[in-house]
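Okay, structure first, notes after.
What follows is calculated from the coordinates using simple rules that are stated; it is not laboratory data. Everything numeric here is computed off the predicted structure, so don't read it as measured data. In this analysis, Cβ positions are derived from the backbone assuming ideal geometry, glycine residues included, and neighbour counts consider all displayed protein chains.
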Amino acid sequence: MVFKNKIVNKFWRFSSSFQLGIPVMVSIAILTAWGTFVEAEFDAYAAKEMVYYSWMMWTAMGLLVYNLTIVVVDRWPWQLKHYPFITVHAGLIILILGGYVTYKYGLDGQMSVNINGKNNMVSVPETDLVVYATFDGDRYSKVVDREVNFFHSPPSESKPFLLNLGDDKIEIINYAKYARLQNKVKISQDESSGSSIRFQLMNANVKQVEQITQPKKDKTAVFNLGPAKVYLGETPQSETKENEVYLTPIDADKLRYTIFYKDVKSAKRSGFIKIGDVVSTGWMGLELRLLDYLPRAQEEYEVLTMERPTPLTTAAIKIKHKDIERWLALNDIVKLFGTQSAYLLSYQNRRIDLGFDLKLNKFEVQRYQGTMRAMEYASQVEAVSTANSISIEQVISMNEPLKFMGYTIYQASFQEDEQTGEPVASVFSINQDPGRPIKYAGSLIFSLGIVWLFYQRRKRATAI
């Protein structure tokens, strides 16, 4: 194709030449290699944000599609010898289109389902700031639901991320990509806050110090020792038939203890305990010493910023409200008191309703002999769509996913009880790839074009 205007013609020749195509393909190769390095050094999310979904990759892919399109158009009017060449280029363009459709409309997240429980919400990597407000202390309504990407645009004290809430405002003044969190318990002025205790369990073989804090005063906190449990909260009215001690706050100085026994029928013992007191539990010679007690307490985080992720790191933001600064971890919640309202602020992974329930009826794990390391595991699930009156039961294992209503559900991992090591929930990877048929079609067309091109060149060589 030739144009009369020299500048246009020169630009067209460059657009359809290897001078553009080869540097673009080299750039894509370098970016892909860089993405692999970033994923190995950090994680898959960092690789996506820094490389695969970056403006550099989109620019390189856009230039590649542009170059492939111009090369095909430049051959117009097409002849029979051009069609294998056109087919190869069309296959590549369709492959890239399929990848874009997956990026734009696909879903890749995780879901945790408790054993004998169900869930319909999948958690995806995108993050949101959500604020609920209450004017009467009882009913909360959502006032803010905003998508944020602090990985790319981290806030700072000089450039905070601002949430305006009428007479109140909340500032996000810092962001940690990889934060190591340590709980710190402090006195709370919120009357709805629960209590916190630090205690020691000891006998001839055990000497363990623990701290438990109620999330709210009407909620119960628990420490599970395995053969025995320590609760902080209201004492149940009926016998529990387990080795348990309930510590119930009475006033600013003391708690009431109630001890239940597994092997003694209709027996319990109760009394009062203060800081420094020791109570004999009667289980395995264990004694309980109360080391500290806060009638109203709240947990806060001390943050250590790490350069690279570890199993113990998470993203976190630092918020400022009324000259009070505190850290908030990803998927955690904090209560703030404004001029006329109370607020619940959450920094969380976005949760999407799948439109159906996934029930976990049974979970099985096989371990390597003599260890607690999992060898293989599987989940017996039931997927139920009430709206469409569809249900299916299947065992999902590491190599056997479930396909239901356009989603593919893979067995990813499982969660264990920290004290007993027994499985308590199964973790699934949920994937929806609307671009997959397009990518399959592009691969087929590209392969057909390669074969056709090879056949055409062989035919020419034979003819000569």
Note down the magnitude of the dipole of the range 196-295 about its Cα centre, charges +1 on Lys and Arg C-beta and -1 on Asp and Glu C-beta and zero elsewhere, to the nearest 20 debye. 80 debye
Note to self: Kirkwood Rh of the range 84-166, Cα pairs, one decimal, Å, is 17.9 Å
Give a residue-ordered list of calculated ³J(HN,Hα) values for the range 53-61 (Karplus: 6.51 cos²θ - 1.76 cosθ + 1.60, θ = phi - 60°; whole Hz; x for Gly, Pro). 10, 7, 5, 5, 5, 5, 5, 5, 5
So which trypsin sites (Lys or Arg not before Pro) in the range 1-91 are both in a DSSP loop and have at most 10 other Cβ atoms within 10 Å of their Cβ? Lys4
How fast does the range 143-196 diffuse by Stokes-Einstein, in µm²/s, taking the Kirkwood radius from C-alpha pairs at 10 °C and 1.306 mPa s? 111 µm²/s
Cα-Cα over 18 Å, subset of Lys169/Lys320; Lys169/Lys216; Lys219/Lys320; Lys217/Lys322; Lys142/Lys359; Lys159/Lys184: Lys169/Lys216; Lys219/Lys320; Lys217/Lys322; Lys142/Lys359; Lys159/Lys184
Which angle between 0 and 90 degrees, to the nearest 10, do you get for helix 18-41 versus the longest principal axis of the chain when only C-alpha atoms count? 20 degrees
Residue by residue through the range 346-355, the couplings from Karplus 6.51 cos²θ - 1.76 cosθ + 1.60 with θ = phi - 60°, in Hz, x for Gly and Pro, are 10, 10, 9, 5, 5, 10, 10, 6, 6, x
Length gained when the stretch Glu364-Phe135 is fully extended (0.36 nm per residue, less Cα-Cα span): 77.7 nm
If you put +1 on each Lys and Arg Cβ and -1 on each Asp and Glu Cβ, how big is the dipole of the chain around its Cα centre, in Debye rounded to 20? 2180 debye
Subtracting the Cα-Cα distance of Met202 and Asn224 from 0.36 nm times their residue separation yields 6.5 nm
From the C-alpha gyration tensor of the range 258-373, square roots of 5λ in Å: 37, 30, 19
Go through (1) 24.0; (2) 27.7; (3) 29.5 and flag the label whose value is the computed Kirkwood radius over Cα pairs in Å for this structure. (2)
Rounding to the nearest 10 and keeping the result within 0 to 90°, find how far the Cα-based axis of helix 83-105 lies from the longest principal axis of the chain. 20 degrees
Using a cut-off of 13 Å between alpha-carbon atoms, which aspartates and glutamates can reach Lys241, once sequence neighbours fewer than 8 places away in the same chain are excluded? Asp263
0 to 90° range, to nearest 10: angle between helix 6-15 axis and the chain longest Cα axis: 60 degrees
Sort 144-150, 401-407 for me by packing, meaning the mean count of neighbouring Cβ atoms within 10 Å per residue, highest on top. 401-407, 144-150
Sort 200-206, 255-261 by packing, meaning the average of other beta carbons within 10 Å per residue, with the highest value first. 255-261, 200-206
So for the range 17-121, using the alpha carbon gyration tensor with a ≥ b ≥ c as root eigenvalues (a/c under 1.5 gives rounded; past that, a/b versus b/c decides prolate or oblate), I'd call it oblate
Can you work out the Karplus-derived ³J(HN,Hα) for every residue in the range 163-172? Use 6.51 cos²θ - 1.76 cosθ + 1.60 with θ = phi - 60°, whole Hz, and x for glycine or proline. 10, 8, 10, x, 6, 10, 8, 10, 10, 9
In a shell of Cβ-Cβ distance under 11 Å around Met121, excluding Met121 itself, what net charge do Lys and Arg (+1) and Asp and Glu (-1) give? +1
Ala425 long-range amide H proximity, modeled H, under 5 Å: Ile115, Gln415
Zone of Arg308's modelled label, taken as backbone nitrogen in the range 43-72 under 11 Å from a point 7 Å along Cα→Cβ: 43
Within the under-13-Å Cβ sphere about Phe14, not counting Phe14, Lys/Arg +1 and Asp/Glu -1 give a net charge of +2
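Applying 1/(1 + (r/R0)^6) with R0 = 45 Å to the Cβ-Cβ distance of Ala387 and Tyr103, what FRET efficiency is obtained, to the nearest 0.05?
My answer for the efficiency is 0.95.
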Using 0.36 nm per residue, how much length does the chain from Gln394 to Phe337 gain when fully extended, once their Cα-Cα distance is taken away? 15.8 nm
